[in-house]
Number of protein chains: 2
Amino acid sequence: MKKVKVFIPATVSNVACGFDILGFPIMSFGDEMVVRKTDKKGLKITKVKGYDVPLDITKNVATVSAMKLLDDIKTDYGFEFEITKNIIPGSGIGSSGASAAGSVYAINKLLGDPFSNKELIKYAMGGEVISSVSEHADNVAPALLGGLVMVKSINPQQIINLPLLPDLFCFIINPKIQVKTSYSREILPAKIDMNLVTSQVSNFGGLIHSLHTKDYDLLKSSLKDSIVEQHRKKLIPKFDEVKEKCIELGALGCSISGSGPSIFAITKGEDLAKKIEEEVTKIYQETNIEFSTYISKISSEGVSVIDSE
Amino acid sequence: MKKVKVFIPATVSNVACGFDILGFPIMSFGDEMVVRKTDKKGLKITKVKGYDVPLDITKNVATVSAMKLLDDIKTDYGFEFEITKNIIPGSGIGSSGASAAGSVYAINKLLGDPFSNKELIKYAMGGEVISSVSEHADNVAPALLGGLVMVKSINPQQIINLPLLPDLFCFIINPKIQVKTSYSREILPAKIDMNLVTSQVSNFGGLIHSLHTKDYDLLKSSLKDSIVEQHRKKLIPKFDEVKEKCIELGALGCSISGSGPSIFAITKGEDLAKKIEEEVTKIYQETNIEFSTYISKISSEGVSVIDSE
């Protein structure tokens with residue numbers, strides 16, 4: 001294989017009570033990346049389509065991740081990258097995570113799969129860190145592994161694929177406003193009230209139990225964020241109205257994806273996700289903010305090869 | 001049935017990352033209670049053996065719990081209580097919880113079982129509150145239901161029996177020193193660092209997942225308390241030494257039971273629990289503190305009838 005084209009899904013992270021821990025891919029939307037072997041050693045970004053990201057290989061998450069991987073496997077050839085960036089940086093649905101996951105996945109394919117997707121996580125994390133305040137895996141892990149992924153610990157790495165309930169769908173709205181990750185970190189309190197901690201812990205435990213026991217009611221009562229949402233929602237226009245509508249229509253939960261401004265709702269069934277899309281679109285049409293919406297099954301798929309030579 | 005004698009197990013609560021949420025019974029140790037129907041209406045405590053608890057029915061957790069139940073079911077007869085209090089009040093292994101659970105369980109038997117054990121929890125909680133700062137169910141629920149019990153929420157009541165791994169045992173040491181629950185609440189900070197919160201949430205999620213997937217390694221890496229233990233351990237002599245020894249010998253986890261001073265360790269297999277008992281006994285024999293130790297299988301048993309007429 002000399003050339004590979006991959007699709008890398010956007011990802012919802014900070015899933016309600018799973019702040020910093022839980023994420024899943026949006027299979028209907030993401031970036032594409034073409035990676036080619038070149039005779040000349042070293043990395044080069046030949047083209048960036050869509051949203052603007054650096055061409056400088058020391059500043060682009062994709063190439064920095066690739067370098068981390070190539071520190072461990074030496075090659076006597078190089079790689080060229082062509083990146084189609086559909087996910088807006090700073091949208092809260094894993095834009096840099098997609099670049100990081102896509103490049104290590106593509107290079108691994110071109111090398112003949114020396115690593116498992118789980119092993120690729122550390123390289124992707126090592127690259128993504130240049131766009132984040134701290135190292136985290138809750139976008140790259142679900143992008144690489146697919147499904148509902150729990151990052152129990154990054155050091156040592158304990159990444160868990162959780163069981164999926166049948167018929168789980170997700171609606172996402174991405175308002176096209178800029179929320180800097182660093183600012184949405186700053187807005188969080190450094191310390192949390194004990195009673196909120198207990199509620200977050202028990203909700204997360206309830207969520208994990210609900211997935212194993214296929215208990216949609218318990219899932220619904222657990223998909224809540226006691227800690228982060230109340231602070232970050234101030235940065236997102238119409239958040240309360242959108243959430244209220246989602247819950248009123250029957251969503252299992254609704255909260256902020258990543259550090260915002262994207263909002264997600266989880267539903268049982270695709271019809272409800274579509275109904276929610278319709279109603280939330282009406283709410284956002286009242287603003288003068290541009291936005292995109294997506295609907296995706298929560299499935300076990302992640303990053304994939306769409307073409308190769 | 002005119003008279004019933006019940007055994008009510010002591011309970012370990014605040015199980016590591018499950019602070020305020022998770023508990024289980026110590027089946028090898030507990031209180032006994034004899035409850036008799038009397039012609040005269042009303043309640044009476046005729047005898048208290050063992051550790052001292054109030055004879056005044058408005059101050060004894062057992063009778064206050066019974067009154068809560070009898071508010072909902074009127075009888076034209078009364079009840080007499082004889083309580084054998086083996087569990088020291090303030091020991092951290094559910095002394096008041098045992099009184100509360102035992103009395104409602106016994107009365108329910110004498111009434112012909114109008115309530116399920118799950119329904120009895122609210123009455124037991126309603127009585128136990130007189131001995132605690134706040135209403136909680138993490139002693140009465142495991143005493144009444146048996147097994148590893150998660151109190152997801154008390155209002156509305158969501159109490160979950162978690163799956164048990166085979167061969168789970170528990171070692172407990174109860175140093176006979178007094179730690180007031182109110183003081184061990186006071187010693188806790190009102191607010192918790194965000195990074196500790198994330199670690200507690202992910203450990204609790206890991207613990208729940210490990211029970212469903214029978215993963216002892218994950219259980220071991222999850223049975224940790226990032227929040228409470230570091231503060232309360234100062235009240236317990238030799239805590240660090242005991243914990244270090246338990247972990248060194250291979251315990252899956254070790255932490256403080258309830259609000260202390262009892263310490264528990266969870267093991268795979270009874271032999272390890274016995275070995276731990278032997279070694280921890282040596283550590284405590286170096287002090288001039290009296291203590292008791294217990295070993296118990298973590299099983300699905302809870303409160304039970306041992307005799308009836």
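Quickly run through the stretch A:126-165 and pick out the residues that are without any contact (Cβ under 8 Å) to a residue 12 or more places away in the chain and either of a type in the set (S, T, Y) or within 14 Å of chain B (Cβ to nearest Cβ) (or both).
At the first step, the residues of the stretch A:126-165 found to be without any contact (Cβ under 8 Å) to a residue 12 or more places away in the chain are A:129, A:134, A:153, A:155-156, A:158, A:160.
A:S134, A:S153, A:N155, A:P156, A:Q158, A:I160 - these are the residues of the stretch A:126-165 that are without any contact (Cβ under 8 Å) to a residue 12 or more places away in the chain and either of a type in the set (S, T, Y) or within 14 Å of chain B (Cβ to nearest Cβ) (or both).
State whether the residues of the stretch B:100-114 include one that is out of contact with any strand residue (DSSP E or B) (no Cβ under 7 Å at 6 or more places or on another chain) and within 30 Å of B:H209 (Cα to Cα). Write out each step before concluding.
As a first pass, look at the stretch B:100-114 and keep what is out of contact with any strand residue (DSSP E or B) (no Cβ under 7 Å at 6 or more places or on another chain): B:100, B:104, B:108, B:111-114.
Subsequent filtering for residues that are within 30 Å of B:H209 (Cα to Cα) retains none.
No, every residue in the stretch B:100-114 fails to be out of contact with any strand residue (DSSP E or B) (no Cβ under 7 Å at 6 or more places or on another chain) and within 30 Å of B:H209 (Cα to Cα).
Would you mind telling me which numbered condition in (1) within 12 Å of chain A (Cβ to nearest Cβ); (2) at pLDDT 95 or above B:I172 fails?
All conditions are met except number (1).
Given the criteria buried (at least 16 other Cβ atoms within 10 Å of the Cβ) and under 18 Å from the mean Cα position of the chain (by Cα), does B:S255 qualify?
Numbers: buried (at least 16 other Cβ atoms within 10 Å of the Cβ): yes; under 18 Å from the mean Cα position of the chain (by Cα): yes.
Yes: the conditions hold for B:S255.
Mind checking which residues of the stretch A:105-124 are buried (at least 24 other Cβ atoms within 10 Å of the Cβ) and in contact (Cβ under 8 Å) with a residue 40 or more places away in the chain?
Passing the criteria: A:Y105, A:A106, A:I107, A:L120, A:Y123, A:A124.
From the list B:V179, B:V133, B:V129, pick out the single residue that is at pLDDT below 95, in the same structural domain as B:T287 (by TED's automatic domain parsing) and either among the β-branched types (V, I, T) or touching a strand residue (DSSP E or B) at 6+ places or on another chain (Cβ under 7 Å) (or both).
Working: B:V133 fails: in the same structural domain as B:T287 (by TED's automatic domain parsing); B:V129 fails: in the same structural domain as B:T287 (by TED's automatic domain parsing).
Just one listed residue meets the conditions, B:V179.
Somewhere in the stretch B:279-296, is a residue basic (K, R), in a helix (DSSP H, G or I), under 30 Å from A:S199 (Cα atoms) and not assigned by TED's automatic domain parsing to the domain that holds B:G18? Write out each step before concluding.
Filtering the stretch B:279-296 down to residues basic (K, R) leaves B:282.
Applying the additional criterion that residues be in a helix (DSSP H, G or I) yields B:282.
Now restrict to residues that are under 30 Å from A:S199 (Cα atoms): none.
No, the stretch B:279-296 contains no residue that is basic (K, R), in a helix (DSSP H, G or I), under 30 Å from A:S199 (Cα atoms) and not assigned by TED's automatic domain parsing to the domain that holds B:G18.
Criterion first (of a type in the set (A, V, I, L, M), surrounded by fewer than 22 Cβ atoms within 10 Å (Cβ to Cβ), within 30 Å of A:T281 (Cα to Cα) and more than 14 Å from chain B (Cβ to nearest Cβ)) does A:I236 satisfy it?
Working: of a type in the set (A, V, I, L, M): yes; surrounded by fewer than 22 Cβ atoms within 10 Å (Cβ to Cβ): no; within 30 Å of A:T281 (Cα to Cα): yes; more than 14 Å from chain B (Cβ to nearest Cβ): yes.
In short, no.
Does A:S262 satisfy being under 30 Å from B:D193 (Cα atoms), among the hydroxyl-bearing types (S, T, Y) and modelled with pLDDT of 95 or more?
Details: under 30 Å from B:D193 (Cα atoms): yes; among the hydroxyl-bearing types (S, T, Y): yes; modelled with pLDDT of 95 or more: yes.
So A:S262 passes the test.
Can you tell me which residue among B:K220, B:K245, B:K224 is surrounded by fewer than 22 Cβ atoms within 10 Å (Cβ to Cβ), modelled with pLDDT of 95 or more, assigned to a helix (DSSP H, G or I) and touching a strand residue (DSSP E or B) at 6+ places or on another chain (Cβ under 8 Å)? Talk me through it step by step, then tell me what you get.
Numbers: B:K245 fails: touching a strand residue (DSSP E or B) at 6+ places or on another chain (Cβ under 8 Å); B:K224 fails: assigned to a helix (DSSP H, G or I).
Criteria check complete, one pass: B:K220.
List the residue pairs whose Cβ atoms are under 9 Å apart, where the first residue sits in the stretch B:38-52 and is in the same structural domain as B:F79 (by TED's automatic domain parsing), the second is of a type in the set (F, W, Y) and loosely packed, with under 11 Cβ neighbours inside 10 Å, and the two are 6 or more positions apart or on different chains.
none
Could you list, in sequence order, all residues of the stretch B:61-93 that are part of a loop (DSSP other than H, G, I, E, B), crowded, with 23+ Cβ neighbours inside 10 Å and at pLDDT 95 or above?
B:I87, B:I93
Does the stretch A:258-278 hold any residues that are in a helix (DSSP H, G or I) and crowded, with 24+ Cβ neighbours inside 10 Å, and which are they? Working first, answer last.
Within the stretch A:258-278, the subset in a helix (DSSP H, G or I) is A:270-278.
Listed by number, the residues that qualify are A:A273, A:I276.
The values are calculated or read from the model by the stated rules, or taken from the named source; none is laboratory data. Quick caveat, the model's predicted, so the values are computed rather than measured. Note: ideal-geometry Cβ built from the backbone for every residue, glycine included; neighbour counts use all protein chains shown.
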